[in-house]
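Visitor: Sharing a structure, written as structure tokens. Questions coming.
Throughout, read-outs are computed from the coordinates displayed, never taken from laboratory work. All values reported here derive from a predicted model rather than from experimental measurement. Counting neighbours? That spans all protein chains shown, and the Cβs are built from the backbone with ideal geometry, glycine included.
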């Protein structure tokens with residue numbers, strides 16, 4: 001059996017067993033899972049290795065890139081601004097970001113940025129590879145871009161642009177970059193090991209991401225489809241700037257150090273469970289307010305459901321979060337909400353059971369929504385409650 005470290009209440013021993021079995025079956029190289037119930041940690045486990053060569057043990061302090069699980073953290077930041085009276089989700093984006101009014105977007109409301117209904121999953125004009133790391137260049141390009149569809153009439157996953165769109169609104173309101181706002185408002189007060197824009201001092205404890213294998217024949221291969229039509233919306237979503245597909249990009253210093261609030265958060269399962277655990281119990285933990293009940297309800301209120309114009313499958317979306325749907329469940333309760341990340345990571349809150357959940361790993365799989373490894377852990381968790 002794999003060596004699993006950490007703590008686990010006896011009641012949740014079945015979750016530990018499922019977690020360990022994934023290592024024994026070769027489904028994991030390094031991973032961690034954490035759960036809180038009503039704000040109390042009941043499970044905090046890790047195991048395996050932080051590198052592909054299996055020479056560096058995954059430890060309590062290992063952190064890892066969580067790709068789009070970052071989007072949920074950015075959404076929590078945006079909802080905090082609503083709670084603070086600084087952001088109106090129904091106001092035009094241009095009210096906070098005047099340059100955004102170009103190309104017919106003068107009335108586009110902020111809520112469409114969070115719900116992937118803005119029609120801006122990709123920038124139309126060709127960009128240079130290193131533009132990915134230039135915040136002002138990307139925000140200016142998005143401000144100039146004409147939506148790919150009439151905003152509000154469809155939804156399509158804003159895989160990378162979500163970070164600049166939501167992040168620039170945060171920056172215009174607060175004067176802080178989204179990574180700084182996250183640090184000041186959530187990470188430091190709650191003791192989270194959570195970063196958007198990672199300082200080089202932490203590199204030694206970051207797990208190496210191991211790329212996913214090609215998807216099976218029955219699953220859409222987004223990247224193969226994209227290469228067929230390099231000027232398509234799909235290609236512009238995932239490869240403009242033409243940097244995202246660079247092999248090993250996620251393990252570079254330039255990726256870790258920049259701020260991409262859609263895709264390059266670095267954290268651990270413990271931190272995800274703690275922040276979502278606060279949200280799951282009415283919005284506060286240890287006396288620190290994270291979100292108001294009104295913002296929590298907005299988070300899990302469905303904004304869009306059905307065919308996703310980018311992912312070419314069905315998605316169900318709240319305000320900045322993914323919601324449960326058939327084949328991609330966040331447990332049995334209807335109000336669970338959170339966000340998965342490419343390769344498998346996941347953070348979510350279940351207000352009905354007061355569950356905060358975090359899972360991170362470094363062996364990526366090719367699924368798009370909820371990874372089967374996570375589904376097995378969620379099933380074991382709820383069977384134990």
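Visitor: Pairing the Cα long axis of helix 13-24 with the longest principal axis of the chain, what angle in degrees results, from 0 to 90 and rounded to the nearest 10?
Guide: With rounding to tens, the tilt is 80 degrees.
Visitor: Can you list, bin by bin at 20 Å, the percent of alpha carbon pairs in the chain, starting at 0?
Guide: 31, 61, 8
Visitor: I would also like to ask the following. Pick from 213, 293, 147: which residue has the top mean-square fluctuation in a GNM of the chain where Cα pairs under 10 Å get a spring?
Guide: Result: 213 has the largest fluctuation of those listed.
Visitor: Mind giving me the nanometre distance, one decimal, between the label points for residue 312 and residue 3, set 7 Å out from Cα along Cα→Cβ?
Guide: 4.5
Visitor: Quick check on the chain: of the DSSP beta bridges with both residues there, what percent are antiparallel, nearest 5%?
Guide: 95
Visitor: Would you mind checking the tilt of helix 135-144 against the longest principal axis of the Cα atoms of the chain, expressed as 0 to 90 degrees and rounded to 10?
Guide: Long axis of 135-144 versus the principal axis of the chain: about 50 degrees.
Visitor: Please order 271, 345 by the number of other Cβ within 10 Å, starting at the fewest.
Guide: In order of increasing Cβ crowding within 10 Å: 271, 345.
Visitor: Which three lengths, in whole Å and largest first, does region 176-271 cover when its Cα atoms are put on their principal axes?
Guide: 47, 27, 23
Visitor: Could I ask something else about it? By how many nm would the segment from residue 173 to residue 365 lengthen if fully extended, with 0.36 nm per residue of separation less the alpha-carbon distance?
Guide: Between residue 173 and residue 365, full extension yields 65.4 nm more.
Visitor: Would you mind calculating the gained length between residue 252 and residue 106 on full extension (0.36 nm times residue separation, minus the Cα-Cα distance), in nm to one decimal?
Guide: Between residue 252 and residue 106, full extension yields an extra 48.8 nm.
Visitor: Going by a ≥ b ≥ c, the root eigenvalues of the Cα gyration tensor, does region 119-238 fall in the rounded group (a/c under 1.5), the prolate group (a/b larger than b/c) or the oblate group?
Guide: Verdict is oblate for region 119-238.
Visitor: Another one. Once you order the gyration tensor axes a ≥ b ≥ c over the Cα atoms, which shape class does region 205-254 get: rounded for a/c under 1.5, otherwise prolate or oblate by comparing a/b with b/c?
Guide: Since a/c reaches 1.5 but b/c is at least a/b, the shape of region 205-254 is classed as oblate.
Visitor: Moving to a separate point now. Which FRET efficiency, nearest 0.05, do residue 333 and residue 284 yield, Cβ-Cβ r, R0 25 Å?
Guide: That pair, residue 333 with residue 284, gives E of 0.80.
Visitor: Kirkwood Rh and Cα-based Rg: tell me the resulting Rg over Rh for region 1-157, rounded to two decimals.
Guide: 1.12
Visitor: Same structure again: Would you compute, from DSSP H runs of 4+ residues alone, the mean residue ellipticity of the chain at 222 nm, taking -39500 (n - 2.57) per run and dividing by the full residue count, rounded to the nearest 500?
Guide: Using -39500 (n - 2.57) per qualifying helix, the result is -8500 deg cm²/dmol.
Visitor: Right, here's the next one. Based on the Kirkwood radius over alpha-carbon pairs, what is the Stokes-Einstein translational diffusion coefficient of region 33-89 at 37 °C with 0.692 mPa s viscosity, in µm²/s?
Guide: Answer, rounded: 227 µm²/s.
Visitor: Which ordering of 97, 149, 58 is given by a fewest-first count of other beta-carbon atoms within 10 Å?
Guide: Fewest-to-most ranking of 97, 149, 58: 149, 97, 58.
Visitor: For q = 0.11, 0.13, 0.20 Å⁻¹, what log10 I(q)/I(0) does region 238-385 give under the Debye formula with an equal point scatterer on each alpha carbon and no solvent?
Guide: Ignoring solvent entirely, the Cα scatterers give -0.45, -0.63, -1.36.
Visitor: On a C-alpha basis, how far is the centre of region 196-270 from the centre of region 81-101 in Å? Whole number, if you could?
Guide: 29
Visitor: Given axes a ≥ b ≥ c from the Cα gyration tensor, I'd like to know whether region 156-204 is rounded (a/c under 1.5), prolate (a/b larger than b/c) or oblate.
Guide: Since a/c reaches 1.5 but b/c is at least a/b, the shape of region 156-204 is classed as oblate.
Visitor: Another question, if that's okay. Could you put 209, 244, 322 in order, starting from the residue whose Cβ has the fewest other Cβ atoms within 10 Å?
Guide: Ranking 209, 244, 322 by Cβ neighbours within 10 Å, fewest first, gives 244, 209, 322.
Visitor: Could you work out the mean projected area of the convex hull around the alpha carbons of region 99-154, in square nanometres to one decimal?
Guide: Average projection, Cα convex hull of region 99-154: 3.8 nm².
Visitor: Between residue 231 and residue 383, what is the FRET efficiency for a Förster distance of 51 Å, r being their Cβ-Cβ separation, to the nearest 0.05?
Guide: The value I calculate is 0.60.
Visitor: Also: Enter the angle in degrees (range 0 to 90, nearest 10) between the Cα long axis of helix 161-174 and the first principal axis of the Cα atoms of the chain, meaning the one along which they spread out most.
Guide: Taking Cα atoms only, the helix is inclined about 80 degrees.
Visitor: Output the Kirkwood hydrodynamic radius of region 111-187, Cα pairs only, in Å rounded to one decimal.
Guide: Here the Kirkwood hydrodynamic radius works out to 13.2 Å.
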